[in-house]
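> Got a structure for you, written out below as structure tokens; questions coming shortly.
The values are calculated or read from the model by the stated rules, or taken from the named source; none is laboratory data. Just so it is clear, the model here is predicted, and its values are computed rather than measured. Cβ: placed from backbone, ideal geometry, glycine included. Neighbour counts: every protein chain shown. Please note that ligands, DNA and RNA were not included when accessible areas were found on the heavy atoms of the full protein model with its side chains. Shrake-Rupley method; radii C 1.70, N 1.55, O 1.52, S 1.80 Å.
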Amino acid sequence: SLRNFSRVDETDMKPIDLNEGLHSTLVLVRNNLPDNLTVVKDFGNLPKVECLPGKINQVFMNLVSNAIQAIKSKEIQAEEEFLTIKTWYTDQQVKISIKDTGTGMTEETKHRIFEPFFTTKDIGEGTGLGLSIVFSIIEKHKGTIDVISEFGKGTEFVITLNINPQ
């Protein structure tokens, strides 16, 4: 899974199965999942997407890790928390949604999350670079990333990628 995930030997754009990348990411984070977390996978039938596989997997890892951390850092845990990952294909674009029932964000935080070195984590917990890197990778792929968040309820990131970014 680690070799499949990192794809360090692949530095060129190539068509890949994004569902496979998401699956590899979930295998790698499996040991970090709290007992009360249910992972819901709703993977659609996707065409292959032209991209840098290692970079796109890095996006998935950052977003999934942040979601797990947002759930773990909730003061009051629900009996069952959810991480929902959904993929679908529409209008020559692939969409990936990574949604959690974590702490959510205030509007002020939401407007700053893609800034380099901005973090809401405790000192020593994070660099504040994860979402900045995510944003630049998606931008490099000529895609978009939307954030839907409600403080206390959770957050959803929706990535849109063109099948062929040229």
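> Is there any pair linking a residue in the stretch 7-26 that is at pLDDT 90 or above to one that is loosely packed, with under 13 Cβ neighbours inside 10 Å, with Cβ under 6 Å and at least six apart or on different chains, and which?
S24/S1
> Could you check L83 against (1) under 25 Å from E20 (Cβ atoms); (2) aliphatic (A, V, I, L, M); (3) part of a loop (DSSP other than H, G, I, E, B) and say which number it fails?
(3)
> Taking the conditions exactly as written (in a loop (DSSP other than H, G, I, E, B) and open to solvent by less than 30 Å² (accessible area, probe 1.4 Å)), does I113 satisfy them or not?
Details: in a loop (DSSP other than H, G, I, E, B): yes; open to solvent by less than 30 Å² (accessible area, probe 1.4 Å): yes.
So I113 passes the test.
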